[in-house]
Structure formats: C-alpha cells, structure tokens
Amino acid sequence: MLGSYREVMWPRLVANKILRKRVGSNNFVADFPPDVDQKLLETSGLIDERPSFNSKSILFDQHKTIHLNYKVFVSTWNVGGIVPDDGLDMDDLLETHKTPCDIYVLGFQEIVPLRASNVLGSENNKVSTKWNSLIRETLNKRVVTRDDRDDGINGISQDFRCIVSKQMVGILITVWVRGELRPHIRHPSVSCVGCGVMGCLGNKGSVSVRFRLHETSLCFVCCHLASGGRDRDERHRNSDVTEIFGRSSFPRGTSLDDLPKKILDHE
C-alpha cells in the first residue's frame, strides 16, 4: 500500500520539492486575509488618511516623540509526534497569568510523526488546527482582576488573533497579536525551506514568517535541523542553517513600499 501511495505522490509533490518550487508567500492560515485593511482603505478612498507609524516612535512634531513598547513572547517546542489532548493546559507554557504580552510567536517541531507518508504526502493540517485551537482558547481566556474601588471581581475578555500560521510537514509556526494591533500589522508572508531527505524534503528545514508592525519589519524562523552528536552532525546542522539563510525569500512589495527579501534584511 505504501509503495502505490508513493507512486501517486511522487510526480506531483516530491518533484516540486526536489525542484525547490517555492511555496506561495500568501499560502498560510490566518484569521484575516492578507492585507485586508489595506484593500478596504484603497476601495474606500481613505488610503491617504491612514496614519504612518513607527513601532519605535511616533513623531508628532520636532520636539515631541512618544515611544511604543511591545512585549513579544517567543517559544519553541519539539512535541515528538504526539497529538495534543483536548484538555491540554497551555497556561504554563504561555504564562499569560504572569506576564501578558502583545505578540505571541510559537514554533513547534514534529507535530506529526516523521514517517514516509507524512514527509512525501499532503500536509496533515488537522494537528496544526488542533494546536491553534488550544492556543486560541488559552490566549483568550477571561482574565480575573480585582477592582480596588469596590473590592469587586471583574472578568476581562482577551482578544488575540492569528495573523499567520504555517505548517511544513512537522514544523509549525503560528503568530498571534492583540486585536488592537491587528490594523497595524502589514504584509504577512511565509517562506519554507526543506533540508531533509535528498536535501530538499520538509522533514528537516525551516518555516519563516515576516510582517510589519507599524513601520518596523519583523521576521521569525522556526527550524528543525539535522540531529546527532557527532562532529559531522554539527557540520550538517551548520549547513542546514546556511541553506535556510540562502534559500528563504520573501516578496519585495511595490516601489512605494519596499520590503526586505532575505531573513537578515529585516529589522
């Protein structure tokens, strides 16, 4: 059965991976279509009225500058091919009860077992959907606060949205932001690089995501490198990193809104 499955999948999927055919930069999951706010502004004729911000500062005049500080939570977790239980409590990982952040970037490795059917076949997005559901549930829990004025208990609803989630075989990266930041997120895109079997399949490699927050470009890379503790394994991992930096690529954008193309070009 596996032999016939390979015969069906090789021409369409594996050949594309061998030829290193790029995954579309907009081929990802999100709560909103890419740049939906920009399209709405353009069609409504309000594009010139959209304010221009910088995530480090907003210059109102020559003498007054307001700094914007955002907290970013970044985590990586190799889950060893184990599908999460429905009741998995992610509070300890995300620590939302201790230090609530504005942006959450979560990278996972081996969300599916790295057997031939998963490496050569279509993506099993049921597992990534389950991880995203658990993350959404955890980030958007009601936060209990105490009102000192009347010593009462209040519940505040969180509002986190997924701006980009991308899977390549067992690698998953998913980015969540507070709802009020969503209008200031621009140009989300992804770039996938396979470094596994035959130097091109996705059992090893990286999924990179980039976006702009106000006028600052951010790029996050989730990678799964060659394993092993021998000297040649270390060289193999370094080679994987070189491949990831060299082959990862994002769209440039328009002449009016030039965007970084390579990972290290981002701010």
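The values are calculated or read from the model by the stated rules, or taken from the named source; none is laboratory data. Not measured: the values here are computed from a predicted model. For neighbour counting, all protein chains shown are included, and Cβ atoms are generated from backbone atoms with ideal geometry for every residue, glycine included.
Within region 119-128, which residues are surrounded by 13 or more Cβ atoms within 10 Å (Cβ to Cβ) and within 21 Å of the chain's Cα centre (by Cα)?
Val119, Glu123, Asn124, Asn125, Val127, Ser128, listed by residue number.
Filter region 246-267 down to the residues that are exposed (fewer than 15 other Cβ atoms within 10 Å of the Cβ) and out of contact with any strand residue (DSSP E or B) (no Cβ under 9 Å at 6 or more places or on another chain) and list them by number.
Listed by number, the residues that qualify are Arg252, Thr254, Ser255, Leu256, Asp258.
Anything in region 195-238 that is surrounded by fewer than 17 Cβ atoms within 10 Å (Cβ to Cβ) and farther than 25 Å from Pro113 by Cβ? List them, or say none.
Those that are surrounded by fewer than 17 Cβ atoms within 10 Å (Cβ to Cβ) and farther than 25 Å from Pro113 by Cβ: Glu215, Thr216, Asp231, Arg232, Glu234, Arg235, Asn238.
Find the residue count for region 202-216, including only residues that are outside any strand (DSSP E or B) and farther than 15 Å from Gly253 by Cβ.
Residues meeting the conditions: 4.
If His214 meets every condition in (1) modelled with pLDDT of 95 or more; (2) of a type outside the set (Asp, Glu); (3) farther than 20 Å from Phe28 by Cβ apart from one, which number is that one?
The single condition His214 does not satisfy is (1).
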